[in-house]
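Everything on this sheet refers to the single structure shown next.
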Amino acid sequence: MSEQPTPHETPESALAVDYAVDGYWLREWHGPATVRVSPHGIRVIADTASPTAHRLPGVLLPGFRDAHVHLGLTEPRALIAGGLAAVDDLGGHPERLQEWAADDTVPELHHAGAFITAPHTYPANRAWAATLAVAEVQTGEEAMAAVAQQLAAGATFVKVALNAEEGPVIDDDTLSALVEYAHSRGTEVVVHVQGTGQARRAFAAGADRLAHTPWTEKLSDSLIEEMAQPNSRFLAGRHSWISTLDIHGYGQRGRDFATASDNLQRFHAAGGIIRYGTDLGNGDLPPGLNHRELTALQDAGVRYDALLRALCLPGFGSTVSYLPTVPRADADLASWLMTATVVTARELLHPSFAEAAAAAHSARNSDDVVPAATTPIPTTWRIDL
């Protein structure tokens, strides 16, 4: 006969492990806390460190997400080791994407399925597109059918390409029909905008996100101000941009980088929503968290809580980002984030996890951390500039 839980022991707590951590972040910083890990996930149960909990030195953050990747152009199974807990694929073969979505060695995956674009133009005219998938449309009916096809193949949002520098683009009526139909299905629309006026067109049509910070033109202050405001035309109530700054120069920066950074800085200052994304698979980008992208965001004014909001999933769920040190007050946030490891509830439930983490922590140079008894998160980091 199996043992029954004691009167004060729930089925969850019987299978759970409690950890005392130095701090955690969920939309804001919290000091020492107790976190419960069970087969159902990871959750904070007290904003104090329980003396009976296993000691886990360091800090927990929600998993890191790259909101713009192309798994068909990279190695999907390398990304968890690179620090990514989740990715949004913005253009690929739906069948391959479904396979990766069911693969535990790949980060949590949401995807757009195939690119939707005008006939005989970007990205169908690029060599790399041969390994992905493109749906070419030129009428509202074809656009709605393409959206329905991606949703049937498991897409959770759709991706449209408006690249006027490469040739014809979907016209306004077709774009509006596509967005309206996608919204009627509860699906957000992400748009690649390239060329003068394309960002304005996408926004006017109700596109929920821009796949890149606009870089081919300097947007007017008035347009940026309008883009940054809450608006019921968008499913989430807000329009947002995915950063992808580092693709302009891969660390060398340059004119396109400067234009994008200026647009993003003004959009953020106006209250706009920014998502961390790299266009992973496009050129010389690291297979995981990108320090150059994080630094570029900080340089554009997206710092402290704002940087974490752009990077992190909404909550802990069954996966977190674990950072084994408490940072010094003068630490660089981007560099500290690069020390994160993706950790699942299953790993945290392993009896040896806390011991291994404590041993690794004690082996570190004491100059890298501050005493646990002090405020665990630098006060200056709490300021959202």
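I'd like the projected area of segment 10-145, averaged over all directions, using the convex hull of its alpha carbons. Report it in nm² with one decimal. Numbers along the way, then the final one.
On the way: hull surface 46.8 nm².
One quarter of the hull surface, i.e. the mean projection, equals 11.7 nm².
Which net charge results when you count Lys and Arg as +1 and Asp and Glu as -1 among the other residues whose beta-carbon is under 15 Å from that of Asp89?
Details: positive: Arg65, Arg77, Arg96, Lys159, Arg209, Arg275; negative: Asp66, Glu75, Asp88, Glu95, Glu99, Asp103, Glu108, Glu188, Asp279.
Within the 15 Å Cβ shell, the charges total -3.
How large is ³J(HN,Hα), in whole Hz, for each residue of segment 177-191 in order, when computed from phi with the Karplus curve 6.51 cos²θ - 1.76 cosθ + 1.60 and θ = phi - 60°, using x for Gly and Pro?
With the stated coefficients, segment 177-191 comes to 5, 5, 5, 4, 5, 4, 5, 5, 9, x, 10, 6, 10, 10, 10 Hz.
When ligands, DNA and RNA are left out and all protein chains stay put, how many square angstrom of accessible area per residue does the chain have with a 1.4 Å probe? List each step's numbers first, then the result.
Details: 16600 Å² over 385 residues.
Heavy-atom SASA per residue in the chain reads 43 Å².
How high is the relative contact order of segment 305-344? Use alpha-carbon pairs under 8 Å, at least six apart in sequence, and give a whole percent. Intermediate values should be presented prior to the final figure.
Numbers: 22 pairs, mean separation 19.6, N = 40.
Rounded, it is 49 percent for segment 305-344.
Please identify every one of the GluC sites (Glu not before Pro) in segment 114-218 that sits in a loop by DSSP and has no more than 16 other beta carbons within 10 Å of its own beta carbon.
Of the GluC sites (Glu not before Pro), the ones in loops of segment 114-218 whose Cβ has at most 16 other Cβ atoms within 10 Å are Glu165, Glu217.
To the nearest 20 Debye, how big is the dipole of segment 8-112 about its Cα centre, given +1 on the beta carbon of each Lys and Arg and -1 on that of each Asp and Glu?
Working: 7 positive and 15 negative charges, 55 e Å.
Roughly 260 debye for segment 8-112.
Between beta-carbons, use under 12 Å as the cut-off and find the net charge around Ala148, counting Lys and Arg +1, Asp and Glu -1.
On the way: positive: Arg185; negative: Glu141, Glu142.
With Lys, Arg at +1 and Asp, Glu at -1, the net is -1.
Place a +1 charge on the Cβ of each Lys and Arg in the chain and a -1 charge on the Cβ of each Asp and Glu, then give the dipole magnitude about the Cα centre in debye, rounded to the nearest 20. Don't jump to the answer; show the numbers that get you there.
Numbers: 27 positive and 46 negative charges, 105 e Å.
I would put it at about 500 debye.
Give me the net charge for the shell around Gly251: Cβ to Cβ below 13 angstrom, other residues only, Lys and Arg +1, Asp and Glu -1. Don't skip to the answer; put the middle values down first.
Values: positive: Arg253, Arg292; negative: Asp246, Asp284, Glu293, Asp299.
Value of the local net charge: -2.
Return the inverse of the average 1/r over all pairs of distinct C-alpha atoms in segment 181-253, which is the Kirkwood hydrodynamic radius, in Å to one decimal. Please list the in-between numbers first.
Values: mean 1/r = 0.0771 Å⁻¹.
Every distinct Cα pair counted, the radius reaches 13.0 Å.
Using just the alpha carbons, could you tell me how many Å³ per residue the convex hull of segment 263-356 encloses?
Numbers: hull volume 12.0 nm³, N = 94.
About 127 Å³ per residue, rounded to a whole number.
Where nothing but the Cβ of Lys and Arg (+1) and of Asp and Glu (-1) is charged, how large is the charge dipole of segment 116-194 around its Cα centre, in debye to the nearest 20?
That gives segment 116-194 a dipole magnitude of about 360 debye.
With a ≥ b ≥ c the root eigenvalues of the C-alpha gyration tensor of segment 72-216, is it rounded (a/c under 1.5), prolate (a/b larger than b/c) or oblate? Working shown, then result.
Numbers: a/c = 1.74, a/b = 1.52, b/c = 1.14.
Verdict is prolate for segment 72-216.
Return a whole-number percent for the relative contact order of the chain, with Cα pairs under 8 Å and 6 or more residues apart as the contact set. Please report the intermediate quantities before stating the final value.
Values: 843 pairs, mean separation 74.5, N = 385.
Answer for the chain is 19 percent.
Starting from a Cα-only point model with no solvent, please compute log10 I(q)/I(0) by Debye for the chain at q = 0.12, 0.14 1/Å.
-0.93, -1.19
Using each residue's phi in segment 146-151, evaluate 6.51 cos²θ - 1.76 cosθ + 1.60 at θ = phi - 60° and report the 3J(HN,Hα) Karplus result to the nearest Hz, with x for Gly and Pro.
Each residue of segment 146-151 in turn: 5, 4, 4, 5, 5, 5 Hz.
Please list, in order along segment 110-115, the HN-Hα scalar couplings obtained from phi with the Karplus expression 6.51 cos²θ - 1.76 cosθ + 1.60 (θ = phi - 60°), rounded to whole Hz, x for Gly and Pro.
10, 8, 9, x, 6, 5
Specify whether the C-alpha gyration tensor of segment 85-167 places it in the rounded, prolate or oblate class, a ≥ b ≥ c being the square roots of the eigenvalues: rounded for a/c under 1.5, otherwise prolate if a/b is larger than b/c and oblate if not.
Details: a/c = 2.40, a/b = 1.60, b/c = 1.50.
Verdict is prolate for segment 85-167.
Quick one: which residues, 5 or more positions from Lys159 or on another chain, have an amide H under 5 Å from its amide H? H modelled 1.01 Å from N in the peptide plane, none for Pro or chain starts.
Those qualifying (amide H under 5 Å, at least 5 residues apart or on another chain) are Ile116, Val190.
Over the residues of segment 176-312, compute the C-alpha Rg and express it relative to 2.2 N^0.38 Å. Before the final figure, lay out the partial values.
Working: Rg = 14.4 Å, N = 137, 2.2 N^0.38 = 14.3 Å.
After normalising by residue count via 2.2 N^0.38 Å, the value is 1.01.
What are the semi-axes of the equivalent ellipsoid of segment 272-319, taken as the square roots of 5 times the eigenvalues of the Cα gyration tensor, listed largest first and rounded to whole Å? Display every interim value, and only then the final one.
Values: eigenvalues 70, 52, 15 Å².
Gyration-tensor ellipsoid for segment 272-319: 19, 16, 9 Å.
Per DSSP H run of at least 4 residues, take -39500 (n - 2.57); add these up for the chain, divide by its residues and hand me the 222 nm value, nearest 500 deg cm²/dmol. Mind dumping the intermediate values first?
Values: 12 runs with 106 residues, N = 385.
One gets -7500 deg cm²/dmol as the mean residue ellipticity at 222 nm.
Please report the relative contact order for segment 147-298, taking Cα pairs under 8 Å with a sequence separation of at least 6, and give it as a percent rounded to a whole number. Don't skip to the end; give the middle numbers.
On the way: 247 pairs, mean separation 28.8, N = 152.
Contact order relative to length: 19 percent.
Quick check: the distance between the Cα centres of segment 170-197 and segment 68-113, to the nearest angstrom?
Centre-to-centre (Cα) distance: 23 Å.
The values are calculated or read from the model by the stated rules, or taken from the named source; none is laboratory data. Every value quoted in this text rests on a predicted model; they were computed, and no experiment measured them. Positions of Cβ are backbone-derived with ideal geometry, glycine not excepted, and every protein chain shown enters the neighbour counts. With ligands, DNA and RNA removed, areas are computed over all heavy atoms of the protein, side chains included. Shrake-Rupley method; radii C 1.70, N 1.55, O 1.52, S 1.80 Å.
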